[in-house]
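Nothing in this text is a laboratory measurement; each read-out follows from the coordinates by a stated rule. Just so we're clear, the structure is a prediction, and the values are computed from it rather than from any experiment. Methodologically, a virtual Cβ is constructed for each residue, glycine included, from the backbone with ideal geometry; neighbour enumeration extends over all protein chains shown.
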Amino acid sequence: MDLVIINLIDGLFYGLLLFMLSSGLTLIFSMMGVLNFAHASFYMLGAYFAYQISMYLGFWMGLLIAPLLVGVVGALVERYGLRRVHQYGHVPELIFTFGLALLIEEVIKFFWGNNLMAYQEPEILKFALFSIGNNAVPAYKVFMIFTSVAIFIGLLYILTRTRIGMIIQAALSYPRTVEALGHNVPLIFMGVFGVGTALAGVAGVLAGPVLGTFPGMAFVLGSIVFVTIVIGGLGSLWGALVASLLLGWLTTFAASSSFPFASILESFGMQRPESLSDSYLRDLWTLTLPQIGPILPYILMVLILVFRPHGLFGKRDV
Amino acid sequence: MTDASQKTATITRAPALSLGQVLPWVISVIFLVAMPTIFQSNSAITIMNQMMITIVFALSYNMLLGQGGMLSFGHAVYMGVGGFFCMHLMNIVETNELPIPLPVLPIFGGLFGLGLATIVGSFSTRKAGTVFAMISLGIGELIAACSVIITAFFGGEEGMPGDRTYFMPFFGIEFLQQIEVYYLIAFWTVLSTLLMYLFSRTPVGRMANAVRDNPERAEFLGYSARWVRFFSFSAAGFFAGIAGALFAINYEILTETNLSTTQSGVILLIAFLGGVGFFFGPIIGAIVFTLLQSVLSLQSEIWQLYVGALFLATVMYFPGGLAGVLMMHVPAAKFGKLGTLVVPYIKTLVPAIIAIFGLAALMELLFHVRHASAGDDEMTLFWTTFDSHSVLPWIIACVATVGGFWLARLSAPSLREAWHRANTPKGRPA
């Protein structure tokens, strides 16, 4: 029972981290119709900026300033990069963001090198808040969970209850009409892109100390974030939330269980071969759930795309 | 990215072969046969082998992206799985002493790539665009992750080794030497390039272009966009499998890196740099990239940064790639005015190149100052050794960058004017 609760908390932590990335990505998609391949790279930029700032001004200033910087970089990328490529169509846009992801990783390596950065959580939060059984739950994780929930509520409030949120929603569906009403739609797009990347930056600042700040951190999370918004349904904020939590719990529970696949084979009446090394099915006999945990999201995504192309909550096809 | 004028020309052309059609192939064959006698060193032949394998792979990738409008992030899977299958075949031949000569191995690799592509293509080609890109990414990650789980087929982290010399001798050749492998790969490169070119001329290849440009209209004409995509996808899988088999023959080992999404990204980069709008674009891309890789990686630690910047610049400013830039000069050449462009080009490009080298020197200096071990102040750049912490190299690099950029900007308007004049037919006011 203790293990289940611990896994629930860990899954929630990972799922909310995914959500902070996927919410920005899904907003950007519903706005521009393009999947931002470089989204996880902005997450990485957030972690590195925060590390650099925390060396001089401490963790809390990093949490405040780094996402702003990332947002500015994102807005500039939209203004001078994406908007230019937009005229060629969606596929070149996707290729552009892919190239951007490559370039950001190389720039990070250029300035900070290949090693893991010594970026750590603040001293105040370095204690175990409570413990379940023998497992301590660090205060930092709980802090992170609450921060991301606060961000989600704030985002939902701005998008559905404020005037600017209404304009953004209108601009997503009817950009021309909104433009005719006198709003600067390209500016709104730039702003949403900036906010989306800044959200990724926040995720980076918060996740950097826990998951490690290194040049491959974008690559580790990048494709999972895609999978999340495809499963949740592109453009749907609620879908992104549900899919993030689903994937978070799925991967944590898969990683901690010790369910062997041999038992399935035996239930089909198959005999375990005498010498495993000669059998072509030897991998099936030794397979365990933690091993296939990392590929479960991809299997889920392919199934979703084949059987329900608009995702769990999406209203339109990808 | 479309080559509309070229397309109409092909449709109206008489079916008989003209000299202009045959000549490029004859020249390339002569070129490929002659190359090893010019560059005899082993390292040169290694680079050329790698280049040819990349050419086949990049062309097969362009069957999707350039000709079919399908952006794939997982094409390395078909090459890798085809290669792994060939590795197993090699081992089976070795243990059972089957009478199969090595040169037919690529057929089996291709068939296996084709088989995998038909399975995946049966559901992934339903839509083009983002859905296809996402499914290809998912399948790519899936199979790449499987490579460490299914060790019976993929060999786990050590990879799958083999030995090509146990095959039945092919007219006395046992492929012990690198040069024999070179000619084997060259033969298969020419053959598959020719087949891919012919495929792009068949009705299904032509329809792939139509479906890429306007799937709805193609459907109205009675073609199933999905089937057209499926045929292109399967054919691309076949040729990727051939590339995998050539890789297996050349390196005699395949590892999980052959399947990784990084590899799929690299081939996208190569095809796009070369230009996806023309059949020969990926060939240029493969040659240029392999040369860049083997030359730059020896000279600089941050060569991937340069490649990334070059790629992004290509996407933003030259979406036609290198082939597109080359083909831009065709109208001027037809008017016989290509010569008038030479002087303005030199005036603008030489300062621009100086500026780029200056910028690169600045980056190298910065990188060295930041990352070299303490006390190691000496660095070598452009065949000169100097102290990276002294002021002079920084000044030289800055002056080269700023000065070159300024000069290039100064002469850019005259280049634009010359370009405009060169593209105006004679007798008409410019």
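Taking amide H atoms as placed 1.01 Å from N in the peptide plane, list the residues 5 or more away in sequence, or in a different chain, whose amide H sits under 5 Å from that of B:Leu381.
B:Phe386
Gaussian network model of chain B, Cα springs within a sub-10 Å range: biggest mean-square fluctuation belongs to which of B:Gly285, B:Gly129, B:Gly115?
Its mean-square fluctuation being the largest, the pick is B:Gly129.
P(r) for region B:335-422: what percent of alpha-carbon pairs falls in each 10 Å bin, starting at zero?
17, 35, 22, 15, 9, 2, 0
At B:Asp163 and A:Leu265, where each label point lies 7 Å from the Cα along Cα→Cβ, what is the point-to-point distance in nanometres?
3.0 nm
Fewest Cβ neighbours within 10 Å first, please rank B:Trp188, A:Trp238, A:Trp249 accordingly.
The fewest-first ordering by Cβ neighbours comes to A:Trp238, A:Trp249, B:Trp188.
Under a GNM of chain B (C-alpha, springs under 10 Å), which listed residue has the highest mean-square fluctuation: B:Asn209, B:Asn62, B:Asn96?
In this elastic network of chain B, the residue with the biggest mean-square fluctuation among B:Asn209, B:Asn62, B:Asn96 is B:Asn96.
Restricting to lysine pairs 8 or more places apart or on different chains, what number in the protein assembly as shown have Cα atoms under 25 Å apart?
Final tally of qualifying lysine pairs is 10.
With +1 on the Cβ of every Lys and Arg and -1 on the Cβ of every Asp and Glu, and nothing else charged, how large is the dipole of chain B about its Cα centre, in debye rounded to the nearest 20?
Values: 20 positive and 21 negative charges, 530 e Å.
Using only the charged Cβ atoms, the result is roughly 2540 debye.
Is any residue of region B:261-281 close enough, with backbone N under 19 Å, to a label point placed 7 angstrom from the Cα of B:Leu17 along the Cα-Cβ axis, and if so, which?
The answer is B:280.
Quote the FRET efficiency, to the nearest 0.05, computed for B:Thr424 versus B:Leu176 with a Förster distance R0 of 35 Å and r equal to the Cβ-Cβ distance. Don't skip to the answer; put the middle values down first.
Details: r = 60 Å, r/R0 = 1.70.
According to the calculation, E is roughly 0.05.
With all distinct Cα pairs included, what does the Kirkwood hydrodynamic radius of region A:2-215 come out to in Å, to one decimal, could you say?
It works out to 18.3 Å.
List the extent of the Cα atoms of the protein assembly as shown along each of their three principal axes, largest first, rounded to whole Å.
Sorted from largest, the Cα extents of the protein assembly as shown read 80, 75, 68 Å.
Using DSSP H assignments, which helices in chain A have an axial alpha-carbon span of 20 Å or above and a mean Kyte-Doolittle hydropathy of 1.0 or higher?
Membrane-span-like by this rule: A:2-32, A:59-77, A:90-112, A:139-161, A:185-211, A:217-232, A:237-256.
Using 0.36 nm per residue, how much length does the chain from A:Val306 to A:Asn114 gain when fully extended, once their Cα-Cα distance is taken away?
65.3 nm is the gain from fully extending A:Val306 to A:Asn114.
Just tell me, in residue order, which DSSP H segments of chain B are both 24 angstrom or longer along the helix axis (alpha-carbon based) and at least 0.0 in mean Kyte-Doolittle hydropathy.
Passing helices, by number: B:19-38, B:42-68, B:76-96, B:105-124, B:129-149, B:178-201, B:225-251, B:281-299, B:342-371, B:391-422.
In nanometres, what is the gap between the two model label sites at A:Asp2 and A:Met55, each 7 Å from Cα along Cα-to-Cβ?
4.1 nm
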